[in-house]
Ligand code: FES
């Protein structure tokens, strides 16, 4: 059974709260909920999907772009990032 999580997403000044899963990337959850999140390659290589984790925790499957200090700063590739906590808050505008 997939573990449901709450994802709060801010993009283009609009904040939405959606249901996601720990087995689904944040980008996939956003797109499934008709959120206009930016993306391109969906393979962790282009950086179009970068967002900042405001609260909660995530884990990236692949990352060919972000440096350790950017990651420490809260940046993630949302096409590669899975929620680890019950609630995660992501800001696409603050990158
Ligand atoms: S869509 Fe290209 S790195 Fe995420």
Problem set entry | Yes/no for residue 94 being part of a loop (DSSP other than H, G, I, E, B) and at pLDDT below 95 | yes
Seminar exercise, completed: Restricted to the range 55-72 and to residues being over 24 Å from residue 3 (Cα atoms) and exposed (fewer than 13 other Cβ atoms within 10 Å of the Cβ), the residue nearest to the ligand (Cβ to nearest atom) is 64
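Yes/no matrix, rows are residues, columns are (1) more than 10 Å from the ligand (Cβ to nearest atom); (2) buried (at least 17 other Cβ atoms within 10 Å of the Cβ); (3) assigned to a loop (DSSP other than H, G, I, E, B):
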residue: 17; (1), (2), (3): yes, no, no
residue: 27; (1), (2), (3): no, yes, no
residue: 36; (1), (2), (3): yes, no, yes
residue: 53; (1), (2), (3): yes, yes, no
residue: 82; (1), (2), (3): yes, yes, no
residue: 88; (1), (2), (3): yes, yes, no
Exercise. In the range 58-72, which residues are in a loop (DSSP other than H, G, I, E, B) and more than 23 Å from residue 20 (Cα to Cα)?
Worked result: 64, 65, 66, 67
For this session: Filter the range 38-51 for residues that are near the ligand (Cβ under 7 Å from one of its atoms) and surrounded by 15 or more Cβ atoms within 10 Å (Cβ to Cβ) and give the result.
Result: 39, 42, 44, 45, 46, 47, 48, 49
Exercise. Looking only at residues in the range 5-15 that are closer than 22 Å to residue 61 by Cα and surrounded by fewer than 18 Cβ atoms within 10 Å (Cβ to Cβ), which one is farthest from the chain's Cα centre (by Cα)?
Worked result: 6
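The values are calculated or read from the model by the stated rules, or taken from the named source; none is laboratory data. Fair warning: this is a prediction, and the values are worked out from it, not measured in the lab. In this analysis, Cβ positions are derived from the backbone assuming ideal geometry, glycine residues included, and neighbour counts consider all displayed protein chains.
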